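Here is the structure we will look at.
Each reported figure results from applying straightforward, stated rules to the coordinates on display, with no laboratory input. Remember, it's a predicted structure, so these values are computed and weren't measured experimentally. Using ideal geometry, Cβ is built from the backbone for each residue, glycine included, and neighbour counts are taken over all protein chains shown.
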Amino acid sequence: MTLPRAAVRAIYDRVGARQDSQSWYEDVALAELIAHGRFETAETVLEFGCGTGRFAVMLLDAHLLPHATYRGLDLSGTMVDLATQRLRPFGGRATAARADVTEPIDASDGAYDRIVSTYLFDILNGDEIRAALSEARRLLAPDGLLCLASLSRGSGLLPRAVSLAWQAVYRVAPARLGGCRAVRLPDHLDGWTIEHRATVVRRGMTSEVIVARPCR
Ligand SMILES: C[S@@+](CC[C@H](N)C(=O)[O-])C[C@H]1O[C@@H](n2cnc3c(N)ncnc32)[C@H](O)[C@@H]1O
């Protein structure tokens, strides 16, 4: 059972800037996404669950075209405020807004070259992932790419031990883990062609990285 949205919003309103302390295991997955997401050819990027805007700044600073635009969406008002402050140096090119990405998103069909989401699908339940992916499919341009990173189950001694310990805590106190648990992204990607899939591990924490396009 995943946490209800109101609980998730309350957690991330409280966590705020401390979310960035997860960079010790997230950065290796973000680097993998950057290496395979062909961001240098994207003109419009949308992020689901943008958090503090940390990944947005990485993309805007070093990987996106100078005129490319970025929009981040997040359920938490605190996260949107933090991302908005962080994106200020990029002016009108980069914005953040409050939205629940499991509900219809206010944007036109085919508006985005990349839809990015890191460490969000591991909070959502199956129906919510389906709803977010359905919006992603609608919003992606014909050559657009979906770029995902999520917590995943580990294999090998240390990653497996970490996964089992995480699972045990999640069962009794999911809020302590930000509502995140390991998911298998490909299980949710029927109707998508996976162009790149990798598992990355940092100090026992396992993440899965996927770049996919909708089957048309
Ligand atoms: C684990 S944090 C990851 C943040 C950021 N992507 C990162 O990798 O650091 C999950 C983020 O997703 C947001 N979130 C959770 N459920 C959401 C939903 N249904 N719609 C939009 N954002 C959501 C949370 O508020 C939080 O900022």
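Numbers below:
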| read-out | value |
| --- | --- |
| Amide H partners (placed H, <5 Å) of Gly154, local residues excluded | Ser163 |
| Two-site FRET efficiency, Glu43 against Ala173, from Cβ-Cβ distance with R₀ of 45 Å, rounded to 0.05 | 0.60 |
| Distant-in-sequence amide H partners of Gly72 (H built 1.01 Å from N, under 5 Å) | Glu47, Thr95, Ala96, Ala97 |
| Relative contact order (%) - region 118-207, alpha-carbon pairs under 8 angstrom, separation at least six | 38 percent |
| Region 28-100 - charge dipole about Cα centre, Lys and Arg +1 at Cβ, Asp and Glu -1, debye rounded to 20 | 180 debye |
| Of every Cα-Cα pair in the chain, the percent that sits beyond 24 Å | 38 percent |
| Integer Hz, Karplus 6.51/-1.76/1.60 couplings in order for region 140-153, x for Gly and Pro | 6, 5, x, 9, x, 10, 9, 10, 10, 9, 8, 4, 9, 6 |
| Hz values of 3J(HN,Hα) by residue in region 95-110 - Karplus curve (6.51, -1.76, 1.60), Gly and Pro given as x | 9, 10, 8, 7, 6, 9, 7, 8, 10, x, 9, 7, 7, 7, 4, x |
| Residues whose placed amide H lies under 5 Å from that of His196, excluding near-sequence neighbours | Val211 |
| Whole-number percent relative contact order across the chain, with pairs defined as alpha carbons under 8 Å at least 6 apart | 22 percent |
| Between region 38-77 and region 127-189, the Cα center-to-center distance that results, in Å | 20 Å |
| Degrees between helix 5-15 axis and first principal axis of the chain (Cα, 0 to 90, nearest 10) | 90 degrees |
| Acute angle (nearest 10 degrees) that the helix 23-36 long axis makes with the longest principal axis of the chain, alpha-carbon atoms | 50 degrees |
| Per-residue HN-Hα couplings for region 205-216 [Karplus 6.51, -1.76, 1.60; θ = phi - 60°; Hz; x = Gly/Pro] | 8, 9, 10, 10, 10, 9, 10, 9, 10, x, 6, 9 |
| About the Cα centre, charge dipole magnitude for region 67-216 (Lys/Arg +1, Asp/Glu -1 at Cβ), debye | 620 debye |
| Check: region 133-193 dipole with +1 on Lys, Arg Cβ and -1 on Asp, Glu Cβ, in debye | 340 debye |
| Nearest 10 degrees, 0 to 90: helix 157-172 Cα axis against the chain principal axis | 90 degrees |
